[in-house]
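Here the structure is laid out as structure tokens; the discussion comes afterwards.
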Amino acid sequence: MFLVYGTTLREARGCNGSDFWLYTGGHKESPTYEEVSAGKTGHVEAIEVSFDPSKVSFGNLLDVLWRQIDPTDPGGQLVDRGSQYRSAIFYHTPEQKALAEKSKEELQKSGSFIKPIVTEILPAAKFYPAEEYHQDYYKKNPIRYKFYRFNSGRDQFLKKVWGEEKVSQVKDPQSSGEKWRTFVKPTKEELKKRLTPTQYKVTQQNGTEPSFQNEYFNNKKEGIYVDIVSGEALFTSLDKYDSGTGWPSFTKPLDPGNIVEKDDWSFFTRRTEVRSRHGDSHLGHVFNDGPKPTGLRYCMNSAALRFIPKDDLEKEGYGEYLKLFRK
């Protein structure tokens with residue numbers, strides 16, 4: 001759950017969860033709309049968004065948010081003036097804070113806005129539900145809302161900044177090809193909830209799954225393999241071969257920048273461990289007994305990987321890799 005200023009994210013082509021209009025961040029107990037709108041309570045008019053992180057990622061919601069507001073305005077939003085209308089992101093966990101800060105930094109570097117990004121990133125405070133007539137206002141009063149929205153200049157502003165670009169539907173965080181680019185590793189407790197026991201043991205405790213009793217050792221479908229934790233692209237079926245070991249094996253990584261190799265002396269002999277760069281997941285080991293042209297065998301654990309079929313690459317956010325499979 002997190003809180004943001006702005007139009008409802010559900011309306012903004014995004015959240016597959018629920019939202020609730022409220023006041024937060026101020027000093028007055030149980031404020032009324034009249035008090036908040038007068039700018040004397042310190043509160044911000046905000047939306048509480050509840051979401052299932054196994055279906056919608058916090059990072060995806062941030063992407064939707066930036067495309068609904070003017071993050072460079074310190075004194076309000078468009079025609080709505082006053083501190084109660086300033087943009088802010090209220091985080092609930094250190095992970096959300098880190099993601100919000102990184103997302104804000106990347107937006108500034110993108111050049112989409114000339115002015116500095118001034119959206120505040122604050123710890124979630126006590127919130128007070130807004131009056132019932134404010135909830136789902138755009139549904140209850142569609143004509144009034146459309147009139148307000150047009151005259152507020154919001155759509156004109158967004159079109160000027162983003163052109164005709166459409167805000168895409170929020171993607172499954174386990175299947176989003178963009179998530180890993182802003183990935184912040186969750187806590188151990190969160191990973192234990194997200195991963196199966198085998199996935200957690202392999203990726204977080206350097207475990208090894210049984211040979212010939214894992215999901216992908218005999219998978220012959222076309223597609224790519226990504227980190228089960230972060231989603232970063234790791235290997236492709238074009239470089240997969242049957243090593244006879246009972247684990248999925250590859251001659252080379254899909255993107256060497258997503259691979260980290262480290263010395264491993266855990267069995268009193270030197271081996272080369274393979275980890276994902278962004279997810280810091282233990283993937284397996286690389287050996288020098290592979291086929292030509294590389295002579296390498298990247299011996300991976302299926303539990304550390306997620307396979308994305310060729311036909312699903314575009315919708316999963318990995319369309320850039322489709323060209324590998326065009327003959």
task: Quick one: which residues, 5 or more positions from ILE121 or on another chain, have an amide H under 5 Å from its amide H? H modelled 1.01 Å from N in the peptide plane, none for Pro or chain starts.
output: ILE89
task: Beyond 24 Å between alpha-carbons counts as too far, so tell me which of LYS221/LYS252; LYS146/LYS315; LYS201/LYS262; LYS252/LYS310; LYS193/LYS262 fall in that bin.
output: LYS146/LYS315; LYS193/LYS262
task: Show the residues, 5+ positions off or on another chain, whose built amide H is closer than 5 Å to the amide H of THR236.
output: TYR225, LEU254
- line: Quick note, segment 223-264: a/c under 1.5 would make it rounded; otherwise a/b > b/c is prolate and the rest oblate (a ≥ b ≥ c, C-alpha gyration tensor); here it is oblate
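If a/c stays under 1.5 just call it rounded; otherwise compare a/b with b/c (prolate if a/b is bigger, oblate if not). Do that for segment 179-245, with a ≥ b ≥ c from the square roots of the Cα gyration tensor eigenvalues.
Note, shape of segment 179-245 comes out oblate.
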query: For segment 2-162, which semi-axes, largest first and in whole Å, follow from the square roots of 5 times the eigenvalues of its Cα gyration tensor?
result: 22, 19, 17
query: Efficiency by 1/(1 + (r/R0)^6): what FRET value for ASP264 and GLU120, r their Cβ-Cβ distance, R0 = 41 Å, to the nearest 0.05?
result: 0.40
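Could you work out the relative contact order of the chain, using alpha carbon pairs under 8 angstrom and six or more residues apart, expressed as a whole percent?
Taking the mean separation of contacting Cα pairs over the length of the chain, I get 15 percent.
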- line: Working note, segment 170-314: Cα radius of gyration (Å, one decimal) and Dmax (Å, whole number) are 14.4, 47
- line: Sparse-neighbourhood loop hits (GluC sites (Glu not before Pro), segment 21-65; DSSP loop; Cβ within 10 Å at most 11 others) -> GLU29
Distance between segment 84-101 and segment 38-83 - C-alpha centres, whole angstrom: 9
statement: Counting sequence-distant residues (5 or more places) and residues on other chains, those with an amide H built under 5 Å from that of LEU296 are GLY290
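Compactness ratio of the chain: Cα Rg over 2.2 N^0.38 Å, N = residue count?
1.19
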- prompt: Which whole-Hz couplings ³J(HN,Hα) result when phi for each residue of segment 122-133 is put into the Karplus expression 6.51 cos²θ - 1.76 cosθ + 1.60, θ = phi - 60°, listed in order with x for Gly and Pro?
  reply: 10, x, 4, 10, 4, 10, 10, x, 6, 4, 4, 5
message: Quick one: the Cα spread of segment 50-119 along its three principal axes, in angstroms, biggest first?
response: 36, 26, 19
- request: Consider all pairwise Cα distances in segment 256-327 and report the whole-number % of them above 17 Å.
  value: 59
task: Under a 10 Å cutoff between Cα atoms, tell me which one of SER50, SER87, SER230 has the largest fluctuation in the Gaussian network model of the chain.
output: SER50
statement: With PRO31 itself left out, Lys, Arg at +1 and Asp, Glu at -1 over residues whose Cβ is under 13 Å from its Cβ give -2
- prompt: Too long at a 20 Å Cα-Cα cut-off: which of LYS220/LYS327; LYS97/LYS185; LYS292/LYS327; LYS220/LYS240; LYS109/LYS160; LYS97/LYS126?
  reply: LYS292/LYS327
query: For the pair LYS140 and LEU238, what calculated FRET efficiency results from E = 1/(1 + (r/R0)^6), where r is the Cβ-Cβ distance and R0 = 35 Å, to the nearest 0.05?
result: 0.05
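Taken together, the values in this text are just the output of simple stated rules run on the coordinates, not laboratory data. Every value quoted in this text rests on a predicted model; they were computed, and no experiment measured them. Neighbour counts run over all protein chains shown; Cβ positions are idealised from the backbone, glycine included.
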